[in-house]
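Following: one structure in structure tokens, then a few remarks.
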Amino acid sequence: MKAIVVTDQAAGTAGMKLVERPEPQAAINDVVVEIHAAGFTRDELTWPPTWTDRRERDRTPSIPGHELAGVVTALGYGTAGLSVGQRVFGLADWYRDGTLAEYVAIEARNLAPLPGDVDFTVGAALVMPGLTAWQGLFDHGRLRAGQSVLVHGAAGVVGSMATQLAREAGAYVIGTGRAAGRQTALDFGAQEFVDLDNDTLEDVGGVDLVFDVLGGDIAKRSARLIRAGGTLVTIAGPTEARPADGRTIDFVVEPDRAQLSEIVRRARDGRVRTNIGNVAALDDAVAAFNPTERISGKTIIRARP
């Protein structure tokens, strides 16, 4: 099968190569999925699991990418809940070969059924942003209707999904980002927008929840805006930012079948939409991840037309 592999961490996306690899086999509780569309998070080339296994042994050449949508082609021993020929989407394990390939072996529990009226491209684009936003807002942020949420990077792939889910849950959403992202953030549902280069973040006043994708000084300043009992949720890694009378949580997104089903239901109902900036074929994936100009939105790789 065709697959994108990486062998050199220092090279970043420039070190990606399109090669031929053996098709994977389904182990116990696995399924093999014929991939139709896949997603890739640029930061994953800095994550240790891309390069080493759980015992910290080198596992290169490794196949990156963890988001997928496709069709089940084989079931491993003991696998339940899925069937051959079923359309699925989901999030692959960090320590295993990923989804920038024609096939992937993945634990069945990491997948959810993909309805027939949802395009594979849309399905793959919902996975990482949807799960990250859902878990940050509801699992860790405990968001409730009527609360206020400050979403950093509201025009970005994750931020735009967090904005939509927060609005859909009945929250008041203030988005942030660069000036060029203002209209995009508002189009995705932000009720206010703060230009971090030209506006004063502190003018926002108190909020119940901060959804942070930036970290650093912005996270520290944001922590001071959180009302008593509120939460700073960040995906930017461990932080010293702490609300005076609240809590800070940094987390790594996890696969969750039930949450995926909720997210795709909202997409079918028109309550959330994807933020896709580019769609490229697997043969063109290396160039797609090394663009000559900045691409806004998520890049999705189509392994099949």
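The values are calculated or read from the model by the stated rules, or taken from the named source; none is laboratory data. The structure presented is a predicted model; accordingly, all values stated were derived computationally and were not measured. Backbone-built Cβ (ideal geometry, glycine too); neighbour counts: all protein chains shown.
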Can you list residue pairs whose Cβ atoms sit under 7 Å apart, with the first residue in region 196-224 being in the same structural domain as Gly177 (by TED's automatic domain parsing) and the second being surrounded by 22 or more Cβ atoms within 10 Å (Cβ to Cβ) and among the acidic types (Asp, Glu)? Count only pairs 6 or more apart in sequence or on different chains.
Ala219/Asp212; Ser222/Asp212
Considering residues that are farther than 16 Å from Thr41 by Cβ and either in contact (Cβ under 8 Å) with a residue 60 or more places away in the chain or in a strand (DSSP E or B) (or both), the number found within region 75-99 is 3
Failed condition for Thr184, given (1) over 30 Å from His66 (Cα atoms); (2) touching a residue at least 12 places away in the same chain (Cβ under 8 Å); (3) not in a loop (DSSP other than H, G, I, E, B), with all others met?
(1)
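In the list Gly237, Gly229, which residue meets the criterion of being in a strand (DSSP E or B) and either loosely packed, with under 13 Cβ neighbours inside 10 Å or not assigned by TED's automatic domain parsing to the domain that holds Arg87 (or both)?
Gly229
Residues checked against (1) under 19 Å from the mean Cα position of the chain (by Cα); (2) within 21 Å of Gly70 (Cα to Cα); (3) among the small types (Gly, Ala, Ser); (4) part of a loop (DSSP other than H, G, I, E, B):
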{"residue": "Ala3", "(1), (2), (3), (4)": "no, yes, yes, no"}
{"residue": "Thr13", "(1), (2), (3), (4)": "yes, no, no, no"}
{"residue": "Gln25", "(1), (2), (3), (4)": "no, yes, no, yes"}
{"residue": "Ile35", "(1), (2), (3), (4)": "yes, yes, no, no"}
{"residue": "Glu44", "(1), (2), (3), (4)": "yes, no, no, no"}
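Residue under question is Val71, and the condition is that it be assigned to a strand (DSSP E or B), without any contact (Cβ under 8 Å) to a residue 60 or more places away in the chain, assigned by TED's automatic domain parsing to the domain that holds Ile295 and more than 18 Å from the chain's Cα centre (by Cα); does it hold? Steps first, answer last, please.
Working: assigned to a strand (DSSP E or B): yes; without any contact (Cβ under 8 Å) to a residue 60 or more places away in the chain: yes; assigned by TED's automatic domain parsing to the domain that holds Ile295: yes; more than 18 Å from the chain's Cα centre (by Cα): yes.
Yes; evaluated as a whole, the condition is true for this residue.
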